Amino acid sequence: MIKKSVLINLCVALIVVPTVASAENIMVDDFSRNPSSRWEFIADSVMGGVSSGEIQFEQQSGDHTMTLSGNVSTANNGGFIQVRRKLSIEHPKAGTGIILTVKGNGEQYFVHLRSFWTMLPWQYYQASFQAGDDWQEVMIPFAAFTPSGRVLTKTVKPEDVRSIGIVAFGRDHEADISVTEIRLY
């Protein structure tokens, strides 16, 4: 059953639905089995910014959870904290998008995809979503992702995706987002 909330991201609707597992989905991560070996925390301090944060892995209500929290500051040309994972799974060429099971503090967050073609650190494909107080499943079609610059192709192909990042980005705010699953659909 689809909830009536619909998020608009660059004229593409992102549908918030109840959490449901599907046989057609490909699991990217459920944060079990040593997730700290797969996920890395990155802040704008790598380029002189002053944002700070942390990543925690724990269990909440029986689910394995990754939580990104911290302070995003645009001071000193900064403005992001993120967690990123390189992907080593087989991507379906006909894949439609990404499903996140998330909850947060009501802020806007982003998914950044890096592909075979994103060679420089500041290149990525980006889509936004809201993370509310309750657990929700957010479906983001690959068509919703936009390139960070003009040198990249306008769309990302599912088979080219090499890493995924959950990002608090672009404005001064407190970040607090938890994720229990990331899947491809």
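The values are calculated or read from the model by the stated rules, or taken from the named source; none is laboratory data. These numbers were taken from a predicted model, which means no experiment stands behind them. Note that we place each Cβ from the backbone using ideal geometry, even for glycine, and neighbour counts take in every protein chain shown.
Worth pointing out:
- Any hit, the range 78-89, residues being more than 20 Å from W39 (Cα to Cα), surrounded by fewer than 18 Cβ atoms within 10 Å (Cβ to Cβ) and in contact (Cβ under 8 Å) with a residue 12 or more places away in the chain: no
- So G132, is it exposed (fewer than 15 other Cβ atoms within 10 Å of the Cβ) and of a type outside the set (A, V, I, L, M): no
- Some residue of the range 122-139 being hydroxyl-bearing (S, T, Y), without any contact (Cβ under 8 Å) to a residue 60 or more places away in the chain and either more than 18 Å from E40 (Cα to Cα) or touching a helix residue (DSSP H, G or I) at 6+ places or on another chain (Cβ under 9 Å) (or both): yes
- Residues located in the range 41-56, provided they are within 19 Å of the chain's Cα centre (by Cα) and either surrounded by 15 or more Cβ atoms within 10 Å (Cβ to Cβ) or over 17 Å from K103 (Cβ atoms) (or both): F41, I42, A43, D44, S51, S52, G53, E54, I55
- For T65, the requirement of being touching a residue at least 60 places away in the same chain (Cβ under 8 Å) and over 21 Å from P141 (Cβ atoms) is met.
- Where E159 falls short, out of the listed (1) touching a Phe, Trp or Tyr at 6+ places or on another chain (Cβ under 9 Å); (2) farther than 21 Å from I182 by Cα; (3) surrounded by fewer than 18 Cβ atoms within 10 Å (Cβ to Cβ): (2)
- Residue within the range 87-96 that is among the β-branched types (V, I, T) and assigned to a strand (DSSP E or B) present: no
- Residue check, G106 over 12 Å from the mean Cα position of the chain (by Cα), at pLDDT 95 or above and outside any strand (DSSP E or B): yes
- Qualifying residue in the range 168-185 (condition: among the hydroxyl-bearing types (S, T, Y), surrounded by 14 or more Cβ atoms within 10 Å (Cβ to Cβ) and farther than 28 Å from S73 by Cα): yes
- Contacts under 6 angstrom Cβ, first residue in the range 152-164 being more than 16 Å from V111 (Cβ to Cβ), partner outside any strand (DSSP E or B) and modelled with pLDDT of 90 or more, 6 or more apart: none
- Residue selected from the range 153-182 under the condition of a type in the set (D, E, K, R) and at pLDDT below 95, by the criterion farthest from S36 (Cα to Cα): K154
- Against the numbered list (1) modelled with pLDDT of 95 or more; (2) part of a loop (DSSP other than H, G, I, E, B), R150 comes up short only at (1).
- Restricting attention to the range 55-86, the residues that are assigned to a loop (DSSP other than H, G, I, E, B), on the phi > 0 side of the Ramachandran plot and among the polar types (S, T, N, Q) add up to 1.
- Pick from the range 36-53, criterion outside any helix (DSSP H, G or I) and among the aliphatic types (A, V, I, L, M), ranking: nearest to T74 (Cα to Cα): V50
- Within the range 153-185, if we keep just the residues that are in a strand (DSSP E or B) and of a type in the set (G, A, S), the residue that is nearest to I81 (Cα to Cα) turns out to be A168.
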